[in-house]
Every structure is written in structure tokens, then in C-alpha cells.
1. Here is a list of conditions, (1) under 26 Å from the mean Cα position of the chain (by Cα); (2) surrounded by 15 or more Cβ atoms within 10 Å (Cβ to Cβ), and N225 meets all of them except one; can you say which number that is?
2. Name every residue in the stretch 277-313 that is of a type in the set (G, A, S), open to solvent by less than 30 Å² (accessible area, probe 1.4 Å) and out of contact with any helix residue (DSSP H, G or I) (no Cβ under 9 Å at 6 or more places or on another chain), in order of residue number.
3. Based on what the data block shows, is F251 farther than 24 Å from T189 by Cα and at pLDDT below 90?
4. So if I check each of K327, K274, which one is at pLDDT below 95, assigned to a strand (DSSP E or B) and either farther than 24 Å from T168 by Cβ or open to solvent by less than 40 Å² (accessible area, probe 1.4 Å) (or both)?
5. Of the numbered conditions (1) among the charged types (D, E, K, R); (2) surrounded by 14 or more Cβ atoms within 10 Å (Cβ to Cβ); (3) more than 24 Å from the chain's Cα centre (by Cα), E258 satisfies every one except a single condition; which is it?
6. Does at least one position in the stretch 60-70 carry a residue that is within 12 Å of I114 (Cβ to Cβ) and of a type outside the set (K, R)?
7. Restrict the check to the stretch 215-225 and report whether at least one residue is assigned to a loop (DSSP other than H, G, I, E, B), touching a strand residue (DSSP E or B) at 6+ places or on another chain (Cβ under 9 Å) and modelled with pLDDT of 95 or more.
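The values are calculated or read from the model by the stated rules, or taken from the named source; none is laboratory data. Since the structure is predicted, the reported quantities are computational estimates derived from the model, not experimental observations. In this analysis, Cβ positions are derived from the backbone assuming ideal geometry, glycine residues included, and neighbour counts consider all displayed protein chains. Accessible surface is based on the protein model in full, side chains and every heavy atom, while ligands, DNA and RNA are left aside. Shrake-Rupley method; radii C 1.70, N 1.55, O 1.52, S 1.80 Å.
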Amino acid sequence: MMNNKFLRFLGVAAILSLSVSCDKEEDVDSIVQVHKPNMTISVASVTDAVEGDIVPFTLTFDEPVGKDFNLYILRLNGSTASDLDSSVSELYPNTAYQQVVAIPAGTTTFIGGIEIELDDLKEDTEQLLLTIGDTRTYDVNFTPVDITINIDNVVSEELKLDFHFNKTFYGSNGYSNSLCEIESALSATTYDVDFIVYDAATGIDLPIFDAQTANCEESLTMNINDYADGIYDITAYLYTNADLDLAEIAFPLVDVPEFMIPITVDYMRSGAFKGLYTQEVANQFTSNSPVDSENYVMSVEVYTDAADGVRKFRILNSAGSVSAEGKAKAKKTYKHVRRNK
């Protein structure tokens, strides 16, 4: 009888001990997972891509993943593509770069992608060498995969033009102001320059109003598919001038002397060229220029390159080419019909 009682006591003690152990608030995630799913990485070993592409890869598991985990994609030494050329751009740890892919619990198939960035530079073909997976991922069994992505340059079909004419000016008694901030006390008008596009062959201004807003500085995007081959002149039209030409009346006692107002243009065709154009001095407005003044700024030529049959842009001034070869053009007089905004 004593032995039976002792055995029953030991059984109860064991159950109580197990209950106490299960009641403790232990971190389940800290328990090592003995059995791990097998993960297979499916991706082309060599891929030819262009800027803007996404190179896909697929992860498959022989059973659902037990918990969230991260997969790491590393850029290898020997890559001619930089960290700016793809989504593998997170610094790790010093001079290496990585992309972190989060895999949620319960996953059996996951499709991811490596994004190839579309940049502004004209570049030769670049090579991106990557390893998908490293030893930091220990929640699944897998073999890392090395891949090569050959990246070709892409030339945008759009030419972007940003027109700048803001200028800070000064007078006596500590007076200062800027063209983007000034408002006339006489007419409550601001300084507003619009940019007009003309067909140089016909002298007709085109119905393109992107750069004719009330913004102090303007922007225009030209899609090459919207323009026939030819030269397109761009002029600056002084819609309102905040009565700067009446400075003695509009700004009494501040003594604002006449000053030049040059226009600069940031131009860019992604994948081809970019630069800064400055309007020729002879065509610049001054603070005394009256409303409805109109001066030449620059020209854009759309042409088909005889060498490769590709349609291209070219930036011209009144004397010749700015970004590439171009023919000289005579100075013209323009007359834009004023429209209400």
C-alpha cells in the first residue's frame, strides 16, 4: 500500500510540475524549430533587362512557413551597376548593399522582384551580380542562388524643361524683394512669365499651355511622339510684371534701379542628356520691360537620326547647338496673342 501511495504522489507532483512550466509566460519564438521547411529559389541565372524592368523570382516551400522571416539579396563585388541602379540599395554593412524581402508566416509560394531603376544618366550596359539568400536566414533549409542581370540603358521619350526666372533685387533704405514674391500695390499683380511654343517653320504658336500657368516658375514636358520632325521655338511672354516698369510710382522712395532678368532652363531627356541652358543676354527681359513683351529663349529640334533611324531631341540657341550639333537660325520676331488664365 505504501508503494502505491508513493507512486501516486510522484504522478501528481509530475503533473503539477508540468502545469507550472506551461503557465510560465515563455517566448514561444525562442524555442528552436527542430523541423524546417525546405525552400526552393527559382530565378533565371542570367537576365537581360532594361531600366524600369522588374526581374522576378519565386520561392516555393514544401510546407507552410511556421513564422515570419527575412530573405536577403546581396550585391556582389564585380558588379558594374551601383546601388542606385536597383532595389538592392540598402547599405550593409559597410560597402556592400542588400535588399531585404519579408516572407510572412503560412507562405507556401512567394513571388518577389528586383527592381531596375530608371535613371537620368546616359550609360553603357551595366552588370548586376547578386546572391539571393545568405546565412542570416535560418528558419528554412535552402541553397543560395547567384544571378547576373545585364542592364541596358533606356532613353525616355520625353524632354523635360524647367524654366527659372526668379531673381532677388534691391533698392535703397534696405529694401529687397524677389520676382516670385513681389505684388504690385497699384494693380495687385505679380510677376508672371509664360512660355510659348512656336512651329518655327510656320511661325504659328501651338496650343501647348503647360508652361502658361500662374506659377512663378514654369515647366514643360515634350513627348517626342507628339511632335513632327522640325524646329520648335520657345519664347518668354511677360503676362504681368507687378508694375516693375513703374517702379517710381509702384515702389516710392525705394530707388530700385533697372536690372536684367535672365531665364535659365534645366533640360533633361532621361537616358540621353541633361544640362542647363541660359538665355542669351540680348533676349533677356529687364525690370523695365512692359507687359506683353515677348522674347526668344531657346529652340528644340526634333529630328530622325540618319545613322540609326532613331528620333531625337536637340537643344538649340539662336547661334547654333547647345547639347549637340545643330544649324544656325536667324533671330525672329514673335507675337503671342494674349489669353486669359
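1. Unmet for N225, out of (1) under 26 Å from the mean Cα position of the chain (by Cα); (2) surrounded by 15 or more Cβ atoms within 10 Å (Cβ to Cβ): (2).
2. S293, S299
3. The answer is no for F251.
4. Criteria check complete, one pass: K274.
5. Condition (2) is where E258 drops out.
6. no
7. Checked against the condition, which is being assigned to a loop (DSSP other than H, G, I, E, B), touching a strand residue (DSSP E or B) at 6+ places or on another chain (Cβ under 9 Å) and modelled with pLDDT of 95 or more, the stretch 215-225 yields no hits at all.
Conditions tested, residue by residue: (1) in contact (Cβ under 8 Å) with a residue 60 or more places away in the chain; (2) touching a Lys or Arg at 6+ places or on another chain (Cβ under 6 Å); (3) over 27 Å from S184 (Cβ atoms); (4) outside any strand (DSSP E or B).
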| position | (1), (2), (3), (4) |
| --- | --- |
| A201 | no, no, yes, yes |
| D210 | no, no, no, yes |
| Y237 | yes, no, no, no |
| D245 | no, no, no, yes |
